[in-house]
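Novice: Please see the structure below; I have some questions.
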Amino acid sequence: MSAAIRRLMKWADMFVRRELGTRSPKDVQARALADQYQTILTLRMEVSTLTRLLVEAGVCTVNEFDEARDMEAELLNHRLETSFPGLKATDEGIVVTLPDATETIRGWLP
């Protein structure tokens, strides 16, 4: 792992402290959250890298990438709506339709 990537991963610990406060490095909840932030940062870095390389190599334009990204967002939204019946993402937020969502949200924490 390069020094630049190691520095980037230090942000994950900062985000954990922002959400949970100072915790022991052995704290299970803090480690789980740090793993999530490291994954998010890694994915963001890798997608940005691939996008830049594709555009610079002339494989696609920025506009073509934006259009394809929007199409993928719509497809993922549809898959999530299928996976979580009664829930739908709108421009205003998540809309919960009852009784369709009753079974979907049963057991969720308040």
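The values are calculated or read from the model by the stated rules, or taken from the named source; none is laboratory data. Everything numeric in this text was worked out from a predicted model, so none of it was measured. Please note: Cβ atoms are built from the backbone with ideal geometry, for glycine as well, and neighbour counts cover all protein chains shown.
Novice: Restricting attention to region 66-110, which residues are touching a residue at least 12 places away in the same chain (Cβ under 8 Å) and within 30 Å of Arg52 (Cβ to Cβ)?
Specialist: Once the filter is applied, which keeps residues that are touching a residue at least 12 places away in the same chain (Cβ under 8 Å) and within 30 Å of Arg52 (Cβ to Cβ), region 66-110 yields Asn77, Ala89.
Novice: Tally time: how many residues in region 15-30 are farther than 16 Å from Met45 by Cβ and in a helix (DSSP H, G or I)?
Specialist: 8
Novice: Can you go through Val16, Val59 and tell me which one is within 30 Å of Gly107 (Cα to Cα), β-branched (Val, Ile, Thr) and in contact with a helix residue (DSSP H, G or I) (Cβ under 9 Å, 6 or more places away or on another chain)?
Specialist: Val16 is the lone residue from the list that is within 30 Å of Gly107 (Cα to Cα), β-branched (Val, Ile, Thr) and in contact with a helix residue (DSSP H, G or I) (Cβ under 9 Å, 6 or more places away or on another chain).
Novice: Any residue at all in region 32-45 that is loosely packed, with under 11 Cβ neighbours inside 10 Å and within 25 Å of Phe65 (Cα to Cα)?
Specialist: Checked against the condition, which is being loosely packed, with under 11 Cβ neighbours inside 10 Å and within 25 Å of Phe65 (Cα to Cα), region 32-45 yields at least one hit.
Novice: In addition: Any chance you could count how many residues in region 20-31 are of a type outside the set (A, V, I, L, M) and surrounded by 11 or more Cβ atoms within 10 Å (Cβ to Cβ)?
Specialist: 4
Novice: Separate question: Tally up the residues in region 39-73 that are in a helix (DSSP H, G or I) and more than 27 Å from Ala12 (Cβ to Cβ), please.
Specialist: Result for region 39-73: 10.
Novice: Taking the conditions exactly as written (modelled with pLDDT under 95, of a type outside the set (Ser, Thr, Tyr) and not in a helix (DSSP H, G or I)), does Pro85 satisfy them or not?
Specialist: no
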